[in-house]
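The values are calculated or read from the model by the stated rules, or taken from the named source; none is laboratory data. What you see is a predicted model; the values in this text were computed from it and never measured. FYI the Cβ positions are ideal-geometry reconstructions off the backbone, even for glycines, and counts take in every protein chain you see.
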Amino acid sequence: AAGVIQSPRHLIKEKRETATLKCYPIPRHDTVYWYQQGPGQDPQFLISFYEKMQSDKGSIPDRFSAQQFSDYHSELNMSSLELGDSALYFCASSAKYRDPTREQYFGPGTRLTVT
Amino acid sequence: KQEVTQIPAALSVPEGENLVLNCSFTDSAIYNLQWFRQDPGKGLTSLLLIQSSQREQTSGRLNASLDKSSGRSTLYIAASQPGDSATYLCAVSLQTGANNLFFGTGTRLTVIP
């Protein structure tokens, strides 16, 4: 079965640079979620999209923005990168209203290192 | 705001032992609860999902229970194996809102051969 795809898997950037992370949800899933997991921490919710509209916002810095496109893939854009942005970034998808369990399926993550 | 706590933070057991991991949450109005496994530096592997109307779910040597009214869940691992060594995370979604998950702090399990 198809899973959530994230690219790139690893990314190294310098401070003040910009990074773009991509997420391709499971086909026919209508909702995408982004989470950030810092070293030794639990994942924190950043932002979600339902049917290409922003659905909810968590602890996402103003330097970050995200969107979901017509093909349902999503991109997380991160500008003015700081050392503290180094983390694992997970994308998850769900068929929020078609699946009564609303289970979220996670991608393998993108490891961002800011130097 | 939903707070999710896991106890203990770390656990070390000899191979073959049965063990219980605990998860507690402050807002009992949850929609579902998921247990995940995470190996160091790796992604999240979903183990079990319990809907708020359910009391338990089983998969192989794993059994998860849910007591929504008291805000608790347990993950029971039978006959532990060294390959079970990982961090176990529980996460809950709320009945209201956009279904994002609130994660616990995790329990790091080491199974000693």
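Could you please give the count of residues in segment B:2-42 that are touching a residue at least 12 places away in the same chain (Cβ under 8 Å) and at positive phi?
So in segment B:2-42, the residues touching a residue at least 12 places away in the same chain (Cβ under 8 Å) come out as B:2-40.
Keeping just the survivors that are at positive phi gives B:16.
Total meeting the criteria: 1.
Checking B:S24, B:S80 one by one, the residue that is at pLDDT 95 or above, farther than 23 Å from A:P100 by Cα, touching a strand residue (DSSP E or B) at 6+ places or on another chain (Cβ under 6 Å) and not in a strand (DSSP E or B) is B:S80 and no other.
Every residue, every condition in (1) within 23 Å of B:N99 (Cβ to Cβ); (2) among the β-branched types (V, I, T); (3) at pLDDT 95 or above, yes or no:
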| residue | (1), (2), (3) |
| --- | --- |
| A:S70 | yes, no, no |
| A:S79 | no, no, yes |
| A:D85 | no, no, yes |
| A:L88 | yes, no, yes |
| A:S94 | yes, no, no |
| A:R98 | yes, no, no |
| A:T101 | yes, yes, no |
| A:G107 | yes, no, yes |
| A:L112 | no, no, yes |
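Within segment A:74-86, is even one residue touching a strand residue (DSSP E or B) at 6+ places or on another chain (Cβ under 8 Å), of a type outside the set (A, V, I, L, M, F, W, C) and under 26 Å from B:I30 (Cβ atoms)? Yes.
With the requirement that a residue be surrounded by fewer than 19 Cβ atoms within 10 Å (Cβ to Cβ), in contact (Cβ under 8 Å) with a residue 60 or more places away in the chain and within 7 Å of another protein chain (Cβ to nearest Cβ), what does segment B:96-105 give you?
Just the residues of segment B:96-105 that are surrounded by fewer than 19 Cβ atoms within 10 Å (Cβ to Cβ), to begin with: B:96-97, B:105.
Applying the additional criterion that residues be in contact (Cβ under 8 Å) with a residue 60 or more places away in the chain yields B:96, B:105.
B:T105, the sole residue that qualifies.
Screening segment A:51-95 for residues that are surrounded by 17 or more Cβ atoms within 10 Å (Cβ to Cβ) and touching a Lys or Arg at 6+ places or on another chain (Cβ under 6 Å) and picking the one that is farthest from the other protein chains (Cβ to nearest Cβ) gives A:L81. Could you tell me whether A:I26 is among the hydrophobic types (A, V, I, L, M, F, W, C) and assigned to a loop (DSSP other than H, G, I, E, B)? Considered against the rule, which asks whether it is among the hydrophobic types (A, V, I, L, M, F, W, C) and assigned to a loop (DSSP other than H, G, I, E, B), A:I26 comes out as yes. The residues in segment A:1-24 that are closer than 16 Å to B:T45 by Cα and in contact with a Ser or Thr (Cβ under 7 Å, 6 or more places away or on another chain) can be counted, and the count is 2. Residues to consider are B:T58, B:T45; find the one that is in a strand (DSSP E or B), free of Cβ contacts under 8 Å to residues at least 40 places away in the same chain, of a type in the set (S, T, N, Q) and more than 22 Å from A:Y35 (Cα to Cα). The unique qualifying residue is B:T58.
No other residue among B:V20, B:V13 is of a type in the set (A, V, I, L, M) and more than 16 Å from the chain's Cα centre (by Cα) apart from B:V13.
Under the condition of being more than 11 Å from chain A (Cβ to nearest Cβ) and either assigned to a loop (DSSP other than H, G, I, E, B) or modelled with pLDDT under 95 (or both), the residues counted in segment B:83-95 number 1. Looking across segment A:96-115, the residues that are without any contact (Cβ under 8 Å) to a residue 12 or more places away in the chain and either at the interface with chain B (Cβ under 10 Å from one of its Cβ atoms) or touching a strand residue (DSSP E or B) at 6+ places or on another chain (Cβ under 8 Å) (or both) come down to A:P100, A:T101, A:R102, A:E103.
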